[in-house]
Amino acid sequence: MKQQTMDNVKTALVAGANGIIGENLIQYLAALPDWEVIGLSRRGGKGTGKISYISVDLLDMNDVEVKLADLSQVTHVFYAAYQDRPTWAELVAPNLSMLTNLVEVIEKVSPKLAHVSLMQGYKVYGAHLGPFKTPAKEDDAGHMPPEFNVDQQDFLEAAQKGKRWSWSAIRPSVVGGIALGNPMNLAVAIAVYASISKEYHLPLRFPGKPGAYHSLLEMTDSELLAKATVWAATDEKCANQAFNINNGDLFRWNDMWPKIARYFGMEVAPPLQMSLTTIMADKEALWKNMIQKYSLAPHNYGELSSWTFSDFVFSWDYDMFADGSKARRFGFHEYVDTEEMFIKIFDALKKRKVIP
């Protein structure tokens, strides 16, 4: 096999390395023969093989300048970092500042910079505000701010003008994966909710709004997303373009929910709207007992719970999907069956002893 030379090797800088998107992206990149990977997060990480980590606060420009000063080899920035805030307006400043700080420093220190990939979502289309035009398309009209995803893309478009590097904007639906300690992990939250319901000898009830049980929804598998993200960052046709990335199928919870219950060996009862943030808040002691009872991995209950995000998803009593055909027209043809994705995630959680 031909040895890779330093000229052939690309270096990825992944911001948001410990998130559900960043973690899977790093693992995918590391499995490719011509990539070195550097993960950025406040927590850092333990380097292995072609993967190294830097602990950095992207909100602190001084910290960014010091910690990233020697990264002259970076060719591709993959931005998937996120800071939560109580209101939509408060989200703008920190999330725009993190991206701005990172790009401005890497532009200065790395003459090899070829591409900046921005992870977005359907908030670009106003999906978080209420019923919106579906299927959403990349060239749909914008909506009234505040919306940090839009501000981030505006920054990249302006910063790229006259430069040798290009950008891409990747727009997944709800992402399915197994990264723990993440505030937006729906599949893990469902698995924990189901496991606790089963421990109480309860049926699996859909906890969202009545209308959400019957609306059309789609998801994006984290491994599929990683492949699409790298494709868009390395195919010249994709330069300075936005792409919706989804599994390629649609579902309704009224069909998917009984299948999830069947996986866990549970009955289904009629939906009952309830806030998971509220009703799951007192379950930490029970979970500790379940760790002992089923010899589970000793994960902190807070690592496994994404109740606020789950409540958000289960409140969508309107259709939530986008048109993924642009990516196919540009050359990305992979897809994932969403039911199989859930099963794969649940199987992995059991194998890792995260759930019984």
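The table that follows gives values for the structure above.
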quantity	calculated
For the stretch 252-348: rounded, prolate or oblate by the Cα gyration tensor [a/c cutoff 1.5]	prolate
Restraint check, Lys198/Lys350; Lys133/Lys344; Lys259/Lys326; Lys67/Lys161; Lys46/Lys123, Cα-Cα greater than 24 Å	Lys133/Lys344; Lys259/Lys326; Lys67/Lys161; Lys46/Lys123
Accessible surface, the stretch 48-196, averaged per residue in Å² (probe 1.4 Å)	40 Å²
Lys, Arg +1 and Asp, Glu -1 on Cβ, resulting dipole of the chain about Cα centre, debye, nearest 20	780 debye
Estimated FRET transfer efficiency (Asp60, Glu236; beta-carbon r; R0 51 Å; 0.05)	0.90
Antiparallel bridges, percent of DSSP beta bridges restricted to the stretch 128-287 (to nearest 5)	15 percent
Selection from Val150, Ala93, Ser197, by position along the positive dipole direction of the chain (Cβ)	Ser197
Neighbour cut-off at most 13 other Cβ (10 Å), DSSP loop, trypsin sites (Lys or Arg not before Pro), the stretch 5-92	Arg43, Lys46
Within the accessible area of the stretch 197-284 (1.4 Å probe), percent carbon and sulfur	51 percent
Packing-based order for 184-194, 274-284, 210-220, using average beta carbon neighbours within 10 Å, highest first	184-194, 210-220, 274-284
Sites Met144 and Asp317, calculated FRET efficiency, Cβ-Cβ separation with R0 25 Å, nearest 0.05	0.70
For the stretch 278-305 and the stretch 6-38, distance of Cα centres in Å	32 Å
For the chain, share of DSSP beta bridges that run antiparallel, in % to the nearest 5	10 percent
Charge context of Thr134, other residues only, Cβ under 12 angstrom, K/R +1, D/E -1	-2
Among beta bridges that DSSP assigns inside the stretch 1-95, antiparallel share in %, nearest 5	5 percent
R0 of 35 Å, Cβ-Cβ distance Lys108-Asp84: FRET efficiency to nearest 0.05	0.75
Reachable aspartates and glutamates from Lys108, criterion Cα separation under 19 angstrom, eight or more residues apart if same chain	Asp57, Asp60, Asp63, Glu65, Asp70, Glu157
Span-like helix ranges in the chain, DSSP H, alpha carbon extent 30 angstrom or more, Kyte mean at least 1.0	none
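The values are calculated or read from the model by the stated rules, or taken from the named source; none is laboratory data. All of these numbers come straight from a predicted model, not from anything done at the bench. Positions of Cβ are backbone-derived with ideal geometry, glycine not excepted, and every protein chain shown enters the neighbour counts. In case anyone asks, the SASA skips ligands and DNA or RNA and just uses the protein heavy atoms, side chains included. Shrake-Rupley method; radii C 1.70, N 1.55, O 1.52, S 1.80 Å.
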